[in-house]
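What follows draws every value from the coordinates through simple rules; no lab data is involved. Given the structure is predicted, the values throughout are model-derived calculations rather than measurements. Here the Cβ positions follow ideal geometry from the backbone for every residue, glycine too, while neighbour counts run over all protein chains shown.
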Amino acid sequence: MAEFMTVLGLYIGAFFTFCIFSFLYKDNPFCKLAEQIFVGLSAAYWVIYIIYNTLLPNLFTKLFTDFSGNLILLIPGALGVMMLMRLHPKTQWISRYPIALVIGTSAGISMLRYMKSDLLQQMTATMINPVVQGDIIATVGNFILIVGTICGIYFFYFSKKQEGVYAVPSKIGIYFLMISFGASFGYTVMARISLLIGRLEFLLKDWLHLIN
Amino acid sequence: MSISPQTERRIIYLVLFLAVLLPLLFPIGWRTESSPHVRMAHKLVEQSPAGSVAIVSFDYDPASMTELQPMAVAMIDHAWSKGHKVIATALWPQGPQLADQAFRALSEKYPEKQYGVDYVNLGYKVGGMVTIQAMGRSLVEVYPTDTGGTALNQIPMLAKVNTLRDIAYISSLSSGDPGIKQWVMAAHDMYNVPVTGGTTAISAPGFIPYINSQNQLIGLLGGLKAAAEYEGLIGMENGSATAKMDSQSVAHLLILIFIAIGNYKVWRNKRIKRTQDLKEEI
Amino acid sequence: MRSLGIFCLVFMLLGLALPLMGEASFEIKDFPHDAGTALNLEWKGASGSTVTIQKADSMQVFHELHQSTDAEGSFTDTELSPDETYRYRMIAVSEADSVSQVLEAQPVEQWFYLDKLSFLLMLIVISAAILLYIYAAKRGKDLFVRRINGLDSMDEAIGRATEKGKPILYVPGISDLDDIQTIASMTILSHLAHKAAEYDTDLIVPCRFSMVLSAAREVVRESYLKAGRLDAYKESNVFYLTDDQFGYVAGIDGIMVREQPAANFFMGSFYAESLILAETGFSTGAIQTAGTAQAHQLPFFVVSCDYTLIGEELFAASAYLSKDPQQLGSLKGHDFGKLLIILLILCGIVTESLGWSWFKDFFGKVF
Amino acid sequence: MKRNIPLIIVFLAGLVVFASEFIPHRPFSQINETLERWFMIISGFAMFLGQVSLLRVNGAKIKNKVKDWPYYLAGMISFALMLIFGLLWGMEKTDGILGDGASIQAWLGLKPFDYLFENVYQHLSATMFALLAFYIASAAYRAFIIRSFESNLLMITAVIVILGRSSFGTMLTGWIPNNLPLLHLPNLTDFIMEFPNSAAQRAIMISAALGIVGSSLRIILGIERSYLGGDK
């Protein structure tokens, strides 16, 4: 029976694959059905996932097995329950406390993280000696890198009207942005086509056994 | 004749679908000139003596299978053809199943290869970097048994393998962290074991800096194209990456044709409009 | 208090070290300015010999950690626990003799990561600039901010939705509320909701996370309240779909095709799904405005949307829209930061070209 | 009070995170980890809010028999099925209320929850993702048009990179002598990715980081508070 169910599973998978692909032609009952089933299944999937992988191991199991040793966990537990107070209009305001803790922590963390990895790291990476002995291409590339980075940052300078002389670096900045967007776009094509190949591989190989 | 934008879109979708589908069914087998990084990885395997033991680490999950599985198959194929023994490990939980699949895919071509003698699947271990460091001290400590539960000292091919230092080379196929980076930093930088590997096309540029004068990484396969090149180098007929790369290349070409048609259409409309304007003026 | 001994370390000579016949000498130092998780094992004068460092495990059995043929060098053992004692054996073997020594040491926690000094300084300078400008703005100083392309179109898009009698769709990104982009998105949503309330146009806001849902409901409700149209506020128009990335996208696609919103806004953090949203939206003929600081997704929005807020423009947008002096002041502070960074980069290029590496090192040590 | 205490909490939380970044000494060195774990627990609870909203909104649609209501019903049924399966027999290696359902596993090959996950959910998710292949083609067709200088730059680089990353790129320029490396399309692609592309990405990252630093600072200091909503 298990074997039959496995094969049936492949047919179900193929059915839903075609349901989603049919959306490309036009909206139709099949893709409406697939979409709602997807929303329903995934919502339930994450509930179960969080219960088994976060709430049980990190909170409830610890509290049940060793209550006095994990007293501190009552704090996030209580905050979590306060979050649920939102459900009732009268107690809604209580949920602001846990939200405040979450926002405060993440604001602090992201301020530090972006400052470090996106700002300082990228800044120091641009502090280079552009001239590479005996390598003209790298030297030219380094000059392009420096000019592009500086003009690009200037493009985001909002305190000056971009007119006359001030418009020049910001224009160059735009050119760099456009080149970068084109390059990223082209670079991503391959990965996106791979996704389709992956789907066709499922249909042709696992489902229909047409290819090895 | 004018086509509504909606019909136009549908035509594009259909043509693209066929362009990807047909080469998978009927591979064209375009050979591409191999790039230096692929040749470096190939050379590392090629030049290791027969009897060497290599690690192929499956550091990805089914989501990246399209690109990485063909690399795994091609590299194991190459290693076996050179008489190497292969240890499969995994830093990602779903890796061991993918390793089994890869070995199974080659079982027809190499019926004489025996589990435990020519290859072994050690399974998944959490911890990434720390795990690799520990393997540098003692393999048994990290992997007391293989995936089937056989104790390591019962496995013939591992008789002389105690630590990472006894490994000829490591190939990590990775689609993120932990992966190649951890192998380079722990296995190469600490224990001096040559490391090579493969990644998805998207993440390949991030690893290129490791291919440097210190040989932190010896070559790199980036995406399907590199996998197809590797298949070409080892003379693998109708390898799956080659077929998929045919699809890729046709799709790329098609997108370029779309761009050209799009431009032609805009140019023609402009011209028609101009002639109409002229007529009106007259 | 032990921790007060910041630079001091306990290390003892244990066992009988072989008489020092060679020149080789060993030393263990605490790794400076860290959380007490690393030790530096150093050796000197071991020319012509092989240095092996071994570490004792809990059973007091030594395992090899590192090997080197350098005459002088060091090895950093990491991932240790503070205030625990670790034993090492360092051996130098040459053809003539061998030296072995057992050393014990404890890693110590310090009170400041000195390597992060440049990080702290930058943080203070930029924060101070932002606060100063906010202060100035509050005192009524007129601050100029140039027009941001794409923002003026926002009103136009709302106008068109009203004309057509179709709703507006607002997607606040796919990150949770812990992503600052989502919060910036909430600020823009508040502006948009105000307009939508004034024009009496429906505003649909599907959310991926519950906390975003909570915040979005608060924000929209308050905007309707401020516009004096609380009666028109429909709580069911701000709703949760699913936590799943592509499930969420599938749901939004459905909304776009069925409700046919006349204007779509994608503001916040987006990943691979950006193009699915933008292309489906395009096929329904909606005016689309996007904004994200995810550099990798910008190309797809630029290509498929009518207007795109690029990177920092997303953060600047809320300041520009609200004309709120505090936000404008903050934006001025960011601008100061940009000039400062351009200046530092130029200094760095000059010093690097002259071969002075200390300048770059000062900033680069953080990592 | 309903408003001020949350602002104080935000401020203190931000301050603690700062301290833990720069002070390696305990207890600061461990606070970040603790907060992150708390964070996970809180958002775990918050998750249920979304489900309630989903049930309410869809329930109302089904009750009022709005257009397409049977689809919403199908969605709710699949939600309930997945939830019940997961609760009763667990997922993967975790047991549910009724244990691991060995007999059902023998019949189905997998736990019911995992069966739905592998045969429905994963395929839906992967196919949704694969739609990108089509959309990237239609977007290229529509948008890469010769218009202004900027859009030409966008198009030309995209074309070079698309070519450079297919087998044709190598074939087209393979005959050019090796002392002109930049004329080889794959090399040109790498050059574009390494220099001009990095430059623009850096500019975006640096300026966006400033925006994030500013917004975070305003949040921590209680200047930015829209996310908390109005007084009530």
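Going by the alpha-carbon gyration tensor, a ≥ b ≥ c the square roots of its eigenvalues, is the range A:41-162 rounded (a/c under 1.5) or, if a/c is not under 1.5, prolate (a/b greater than b/c) versus oblate?
prolate
Based on the alpha-carbon gyration tensor of chain C and its eigenvalue square roots a ≥ b ≥ c, which shape applies: rounded if a/c is under 1.5, prolate if not and a/b is larger than b/c, or oblate? Let's see the in-between values first.
Working: a/c = 3.10, a/b = 2.47, b/c = 1.26.
Prolate is the answer for chain C, as a/c is 1.5 or above and a/b outweighs b/c.
Return the calculated 222 nm mean residue ellipticity for chain C, to the nearest 500 deg cm²/dmol, obtained by summing -39500 (n - 2.57) across DSSP H runs with n ≥ 4 and dividing by the residue count. The partial results should precede the final answer.
Values: 10 runs with 150 residues, N = 367.
The per-residue figure over chain C is -13500 deg cm²/dmol.
Tell me the label-point distance for the pair B:ARG104, C:GLU259, using the 7 Å Cα-to-Cβ offset, in nm and rounded to one decimal.
Going by the 7 Å Cα→Cβ label model, 4.5 nm.
Would you tell me the mean number of C-beta atoms belonging to other protein chains that fall within 10 Å of each C-beta in C:110-121, as a whole number?
Details: counts 3, 5, 4, 5, 2, 0, 6, 1, 2, 7, 4, 0.
Partner Cβ neighbours, averaged per residue: 3.
Between A:ASN70 and B:GLN94, what FRET efficiency comes out of the Förster formula 1/(1 + (r/R0)^6) with R0 = 35 Å and r the beta carbon distance, rounded to 0.05? Let's see the in-between values first.
Working: r = 32 Å, r/R0 = 0.91.
The pair B:GLN94/A:ASN70 has a calculated efficiency of 0.65.
Return a whole-number percent for the relative contact order of the range A:52-168, with Cα pairs under 8 Å and 6 or more residues apart as the contact set. Present the calculation step by step, with values, prior to reporting the outcome.
Numbers: 43 pairs, mean separation 11.5, N = 117.
It comes to 10 percent, rounded to a whole number.
Let me check against my output: what whole-number percent is the relative contact order of chain C, with C-alpha pairs under 8 Å and at least 6 apart? Don't jump to the answer; show the numbers that get you there.
Numbers: 686 pairs, mean separation 57.6, N = 367.
Relative contact order, chain C: 16 percent.
Starting with the highest mean, order B:37-48, D:95-106 by the number of other Cβ atoms within 10 Å, averaged over the residues of each peptide.
Details: B:37-48: 19.2, D:95-106: 13.3.
With the highest mean Cβ count within 10 Å placed first, the list reads B:37-48, D:95-106.
What do you get for the angle between helix B:65-81 and the principal long axis of chain B? Use alpha-carbon atoms, 0 to 90 degrees, nearest ten.
For B:65-81 against chain B, the angle is about 50 degrees.
Over 19 Å between Cα atoms: which of A:LYS171/C:LYS332; A:LYS116/C:LYS338; A:LYS171/C:LYS338; C:LYS332/C:LYS360; B:LYS125/D:LYS93 fall into that group?
Working: A:LYS171/C:LYS332 21 Å; A:LYS116/C:LYS338 15 Å; A:LYS171/C:LYS338 17 Å; C:LYS332/C:LYS360 27 Å; B:LYS125/D:LYS93 16 Å.
Check vs 19 Å cut-off fails for A:LYS171/C:LYS332; C:LYS332/C:LYS360.
Using a/c under 1.5 as the rounded threshold, could you call the range A:128-212 rounded, prolate or oblate? The axes a ≥ b ≥ c are square roots of the C-alpha gyration tensor eigenvalues, and prolate needs a/b larger than b/c, oblate otherwise. Spell out each step's value before the answer.
Details: a/c = 5.71, a/b = 2.13, b/c = 2.68.
Judged from the Cα gyration tensor, the range A:128-212 comes out oblate (a/c at least 1.5, b/c at or above a/b).
Please compute the contact order of chain B in relative form: average sequence separation of alpha-carbon pairs under 8 Å and at least six residues apart, divided by the residue count, as a percent. Mind dumping the intermediate values first?
Numbers: 469 pairs, mean separation 70.5, N = 282.
Taking the mean separation of contacting Cα pairs over the length of chain B, I get 25 percent.
Please report how far the C-alpha centroid of the range C:170-228 lies from that of the range A:130-181, rounded to the nearest whole angstrom.
Taking the Cα centre of each part, the range C:170-228 and the range A:130-181 sit 36 Å apart.
Could you tell me which helices of chain C pass both thresholds, a Cα extent of 30 Å or more along their own axis and a mean Kyte-Doolittle hydropathy of at least -0.5, with helices taken as whole DSSP H runs? Spell out each step's value before the answer.
Values: long enough: C:117-138 (31 Å, 2.22); C:325-353 (42 Å, 0.81).
Membrane-span-like by this criterion, though nothing is claimed about a membrane: C:117-138, C:325-353.
Going by Cα centres, the range B:90-136 and the range B:1-52 are how many Å apart?
27
Run a plain Debye calculation on the range D:109-207 (Cα atoms as equal point scatterers, no solvent) and give log10 I(q)/I(0) at q = 0.14, 0.20, 0.23 Å⁻¹, rounded to two decimals, same order as the q list.
Per q value, in the given order, log10 I(q)/I(0) is -0.77, -1.08, -1.19.
When the Cα centres of the range C:335-357 and the range D:146-178 are compared, how far apart do they sit, in Å?
Going from one Cα centre to the other spans 34 Å.
Going by average Cβ density within 10 Å per residue, which order do the peptides D:11-21, C:51-61 take, highest to lowest? Walk me through the numbers on the way to the answer.
Values: D:11-21: 19.8, C:51-61: 14.1.
So the order, starting with the most tightly packed, is D:11-21, C:51-61.
What's the angle, to the nearest 10 degrees (0 to 90), between helix A:2-21's Cα axis and the longest principal axis of chain A?
Result, in degrees: 50.
Based on the Cβ-Cβ distance of C:ASN40 and B:GLN114, what FRET efficiency does E = 1/(1 + (r/R0)^6) give at R0 = 45 Å, to the nearest 0.05? Don't jump to the answer; show the numbers that get you there.
Numbers: r = 47 Å, r/R0 = 1.05.
Calculated value: 0.40.
Which FRET efficiency, nearest 0.05, do D:LEU12 and A:ALA78 yield, Cβ-Cβ r, R0 25 Å?
Numbers: r = 17 Å, r/R0 = 0.68.
So, using R0 = 25 Å, E works out to roughly 0.90.
Once you wrap a convex hull around the alpha carbon atoms of the range C:176-305, what is its projected area averaged over all directions, in nm²? Each step should come with its number before you reach the end.
Numbers: hull surface 28.4 nm².
With every direction weighted equally, the projected area is 7.1 nm².
Per 5 Å bin from zero, what fraction in whole % of the C-alpha pairs of chain A is there, up to the bin with the longest pair?
Binned Cα distances yield the sequence 1, 5, 6, 7, 9, 9, 8, 9, 12, 14, 10, 6, 3, 1, 0, 0.
Measure of size requested: the Rg and Dmax of the protein assembly as shown, with Cα atoms as the atom set and Å as the unit; please supply both.
Using the Cα atoms of the protein assembly as shown, the pair Rg, Dmax is 30.4, 110 Å.
Provide, in order from the shortest bin, the percent of all Cα-Cα pairs of the range B:36-236 in each 5 Å bin, continuing until the bin that contains the maximum pair distance.
In whole percents, the pair-distance histogram is 1, 8, 18, 23, 23, 16, 7, 2, 0.
Please compute the average number of Cβ atoms from other chains found within 10 Å of each residue's Cβ in peptide C:205-218. Could you put the intermediate results ahead of the total?
Numbers: counts 0, 1, 2, 1, 5, 14, 14, 3, 7, 13, 6, 2, 4, 11.
Across the residues of C:205-218, the mean count of other-chain Cβ atoms within 10 Å is 6.
Expressed as an acute angle from 0 to 90° and rounded to the nearest 10, what is the orientation of the C-alpha long axis of helix A:136-155 relative to the principal long axis of chain A?
So the inclination is approximately 70 degrees.
Using only alpha-carbon positions, what ratio does the radius of gyration of the range A:1-72 give when scaled by 2.2 N^0.38 Å? If you can, show how the numbers build up before the last one.
Values: Rg = 19.9 Å, N = 72, 2.2 N^0.38 = 11.2 Å.
This ratio for the range A:1-72 stands at 1.78.
Please compute the net charge surrounding C:ILE342, taking Lys and Arg as +1 and Asp and Glu as -1 over other residues with Cβ under 14 Å from its Cβ. Present the calculation step by step, with values, prior to reporting the outcome.
Numbers: positive: A:LYS160, C:LYS338, D:ARG202; negative: C:ASP335.
Value of the local net charge: +2.
Could the peptides A:173-183, C:188-198 be put in order, highest first, of the mean number of other beta-carbon atoms found within 10 Å of their residues? Walk me through the numbers before you get to the answer.
Working: A:173-183: 25.6, C:188-198: 23.0.
Final packing ranking: A:173-183, C:188-198.
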